[in-house]
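Before we start, here is the structure in question, set down as structure tokens.
Bear in mind these aren't lab numbers, they're just calculated from the coordinates by the rules spelled out. Just so we're clear, the structure is a prediction, and the values are computed from it rather than from any experiment. As a convention, Cβ positions derive from the backbone with ideal geometry for all residues, glycine included, and neighbour counts pool all protein chains shown.
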Amino acid sequence: MLSDFFVTTASGDPDPGAVYFARGDDRLGSAGRDKLSAIATRYADQQLNVVGTASDDEEYADSTARRQLIHRRVENVVAGLRAEGWRGQAALREKPRNTASSVDPRPLRRVTVTVHLNQPATAGTLTTEPASGSALDTARTLAHAYAVTAIKALDESHCEYARVSALARRLFGTGVDLPQLTGRLFRLASHLDRLRDRPGEQPHEKLRDRLDEQPHRRQPGPDGGTLCFRPGPATVGQPEQERIFAFIHSSAHTALCAQDLAYARHRRFWVLDHESAMCNADTYALFVLQAAVDGYQPPELPPADDVGRLHPLQARIAAQAVADAEWYLERAADDVHRIYRDVWNALLDGGDWRGRYAGSLAVIREIFPAEFAPRLSRPDDIVLTGIYRRLRRIGTALDRSLRFEVREGVAAIRHGALCLPSSFFGAARGRTDVRRVAAVLLAFATDEPTVPPAQRERYAALVTELAESEHCR
């Protein structure tokens, strides 16, 4: 059953810029009132943005009631600020179509308060600045210059040839054909040059989203307080290089028909074979940045695993299986979330979504027939929410460094180590052996307490089934 995901209490997150509510409730708690008092005191005359939202399991059957709930929360927060002496103007925004789905729904039941951008920020305040047109033009120009630098460095007479050629072998494999790589970089640079010749033009919407996307971060002010807690690219470290990275990555898709086979933050990126690396967009982006800027590192790298107890061949097999399991799990969770968003938006529009998402949804319904039984009153979007959250919870265990051991039995997590039987390292049926990946997934599903014992194998099967579909490749 998925009722364990319907947590009714409010989030206890201490973030000073967010007021949280219990499920289905619009009343301010004592913690919320304390936050509003602090905000009203510090920003008494400032214009504030007040944005309300709800979690995906609140008033899901009635879009009107959902909007009313969010509206009452926003109004109560503004009233609470006024009661504490705040005299500024409020820019109100309600998000009834919030389709974010997190492992814990409580942080979505909130009203966030941030300082409006078109005014000076006070001490301790971080403002969210979108990437300006001039900043994008600069990143476009530098992306082209970096690609040209990488091409020049692959000439044997260049002073950086030894470093950059070694870098090419590390990222693209020891069998990389450097003249072929140079030719591809020429095509990439030519595309970037055409982009550079269109100053002031906004990038494609998908690229724009990537340029403006930053991880959720909190940064303290001089006295330890924060208000705006999600800085944009203009305020988070190395913004220019991250924009350059995004331009090269997206240009590799267009100019080289590269795919997203793995991102640099994933283990799988670092175990790609030569053919896969030559078709991977992030590999080109990282190569150009590191070739042009000695010492550059991506902002996120995968955790370093401990394979010291394994034979070198066993270490390679285990690393490949875990890397594939991590990648497949994230892709499968994204696939479930995409379906959830489609279903949720269709329900909000009052439309009939059934039969419109037959591909992956058919796979999910086949693996979890009891959850989708017609006799149950839960709508499919709520079932999908629960499946998504469990997949994410299984995935969090893969976000940490792993220690590997060889121990007979079945693959399992014991005392913080991933224990693999000797049979796990037998002959593979291909470089990515689904049997090994499924064994790793089952070990982590068994270690996740929210996954019912009877469904552990089903969650492992769901990930591998979706991974073999076109959505996860």
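With a 10 Å radius around each residue's Cβ, average the other Cβ atoms per peptide and rank 70-78, 327-335, highest first.
Averaged packing, sorted descending, gives the order 327-335, 70-78.
Turning to a different aspect of this structure: Would you pull out the residues with amide H under 5 Å of N49's amide H, same chain only if 5 or more places away, H placed 1.01 Å from N?
A91, T114, V115, H116
Just order 271-284, 144-157 by mean Cβ neighbour count inside 10 Å, highest at the front, would you? Don't jump to the answer; show the numbers that get you there.
Values: 271-284: 20.3, 144-157: 18.6.
Top of the packing list down: 271-284, 144-157.
Starting at the first residue of the range 147-157, write each ³J(HN,Hα) from the Karplus equation 6.51 cos²θ - 1.76 cosθ + 1.60 with θ = phi - 60°, in whole Hz, x for Gly and Pro.
Taking θ as phi minus 60°, the curve returns 5, 5, 4, 5, 4, 4, 5, 8, 7, 4, 7 Hz for the range 147-157.
Moving on. Check which residues have an amide H placed less than 5 Å from Q259's amide H, if you skip close sequence neighbours.
HN-HN under 5 Å from Q259: N280, A281.
OK, next. What are the ³J(HN,Hα) couplings of the range 25-39, residue after residue, when phi is run through the Karplus curve with 6.51, -1.76, 1.60 and θ = phi - 60°? Round to Hz, x for glycine and proline.
These are the phi-based 3J(HN,Hα) values: 10, 10, 7, 7, x, 5, 5, x, 5, 5, 5, 5, 4, 5, 5 Hz.
Please list the non-local residues whose amide H lies under 5 Å from the amide H of R403, H modeled 1.01 Å from N, same-chain partners needing a gap of 5 or more.
When sequence neighbours closer than 5 places are left aside, the close amide H contacts are D306, L418.
Still on this structure, I have one more. Excluding Q455 itself, calculate the net charge of residues whose Cβ lies under 11 Å from the Cβ of Q455, where each Lys or Arg counts +1 and each Asp or Glu counts -1.
0
Could you please report the charge total around R403, scoring K, R as +1 and D, E as -1 over all other residues with beta-carbon less than 9 angstrom from its beta-carbon?
Here the count lands on -2.
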